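Right, one structure below, let's go through it.
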């Protein structure tokens, strides 16, 4: 009871780590079938696993949908501020505590977006497929990270197991050869009438004003892309938010496929029930379904990969492999994010990651159990602790 009173957070976290192991999530899921994909696995570098508590928290923050991220931030900022302010201390110390928690949370969020760190990588045993990304950006896009070059984009993909990626900057065609770590393929993302169309292949410039008047005008873009020998894919979240009632018209106009998973915060919350509707439509008309990192240089990890087969076409040509924590974003109400996102993170841990968490908790508990040297103030360094407890007592006489 004394241990629980002195270290409640550590002991509760240990209990949650063990409890979540009884309801584990797989490392990867096929976004179409909802099953574990055979022959594909997620490999964590040793450096990722050693600092698993940091790695997992930063990844979990990256995989929040926009609505859930807002709710998560509000609840935790208020909770941390209240916890710091209500603890017994002088007024000045309570105010400092009330600020430190929210500030630390904001800094962790910034780290999730900008901090260089090791990331998991997809490996597959099927040499006939290409691990591909259909939708990614450089600094050429208006919302791309400044200085984010195609070489940086290629390195980002290569670190996570991709073998190729289409470069689809907003309204700027990518069609130049680049000496990069993976194959970079030509494409563009056309913005036309509340919809983004990812055009892949050897595209040429268009007059976007022709397709930006209304939905009927937008639908004409698919025929133009076909005349160019390119494919047109409807991007998330636009067809979900702005054109959900127009999907049959998209198909009639010649859309070649749909994104069903997109890692951008505004799109990652696409609900499973709506994804099922799109999958039904795509299967009925033999259309391509894809996942998109939608990388803009912000954030270090992807939530989705594509296993693309050159020997197949249409619906069977691609397998969308995603992280379960990302697929779950549309299945939980935003207001639950403060507790459901940590729970999803813990359920997603591999046993090596779980062991790393437990090791770090025990190390910190042991350190905290060592008394401070007499007369010393609080500190985090080992020199602020008494080493008398480690001395071997010799038997007298």
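The values are calculated or read from the model by the stated rules, or taken from the named source; none is laboratory data. In this text, all values refer to a predicted model and were calculated from it rather than measured experimentally. No Cβ is skipped: glycine too gets one built from the backbone with ideal geometry, and neighbour counts run over all protein chains shown.
Of the numbered conditions (1) surrounded by 12 or more Cβ atoms within 10 Å (Cβ to Cβ); (2) touching a strand residue (DSSP E or B) at 6+ places or on another chain (Cβ under 7 Å), residue 25 fails exactly one; give the number of that condition.
(2)
Within the range 114-135, identify whether any single residue is assigned by TED's automatic domain parsing to the domain that holds residue 261 and more than 29 Å from residue 320 (Cα to Cα), and answer yes or no.
The answer is no, given that none of the residues of the range 114-135 is assigned by TED's automatic domain parsing to the domain that holds residue 261 and more than 29 Å from residue 320 (Cα to Cα).
Name the strands (runs of 3 or more DSSP E) wholly within the range 113-174 that hold at least 3 residues that are more than 15 Å from residue 319 (Cα to Cα) and out of contact with any helix residue (DSSP H, G or I) (no Cβ under 8 Å at 6 or more places or on another chain)?
Numbers: elements: 121-124, 130-133, 164-166.
Counting at least 3 such residues, we get no strands (runs of 3 or more DSSP E) at all.
So which residues in the range 30-40 are more than 14 Å from residue 289 (Cβ to Cβ) and buried (at least 20 other Cβ atoms within 10 Å of the Cβ), if there are any at all?
Within the range 30-40, 37, 40 qualify.
Would you point out which residue out of 138, 130 is surrounded by fewer than 20 Cβ atoms within 10 Å (Cβ to Cβ), in contact (Cβ under 8 Å) with a residue 40 or more places away in the chain and over 15 Å from residue 302 (Cα atoms)?
Values: 138 fails: surrounded by fewer than 20 Cβ atoms within 10 Å (Cβ to Cβ).
Residue meeting the stated conditions: 130.
If you take the residues of the range 258-283 that are free of Cβ contacts under 8 Å to residues at least 40 places away in the same chain and in contact with a strand residue (DSSP E or B) (Cβ under 7 Å, 6 or more places away or on another chain), which of them is nearest to residue 218 (Cα to Cα)?
Here the answer is 258.
Give me the residue from the range 343-367 that is surrounded by 13 or more Cβ atoms within 10 Å (Cβ to Cβ) and more than 17 Å from residue 325 (Cβ to Cβ) and, out of that set, modelled with the lowest pLDDT. Walk me through it before giving the result.
Kept after step one, since they are surrounded by 13 or more Cβ atoms within 10 Å (Cβ to Cβ), are these residues of the range 343-367: 343-350, 352-361, 365.
When the remaining residues are screened for being more than 17 Å from residue 325 (Cβ to Cβ), the result is 352, 355-356, 358-361, 365.
Working: 352: 97, 355: 97, 356: 97, 358: 96, 359: 96, 360: 95, 361: 93, 365: 85.
Within the range 343-367, the match that is modelled with the lowest pLDDT is 365.
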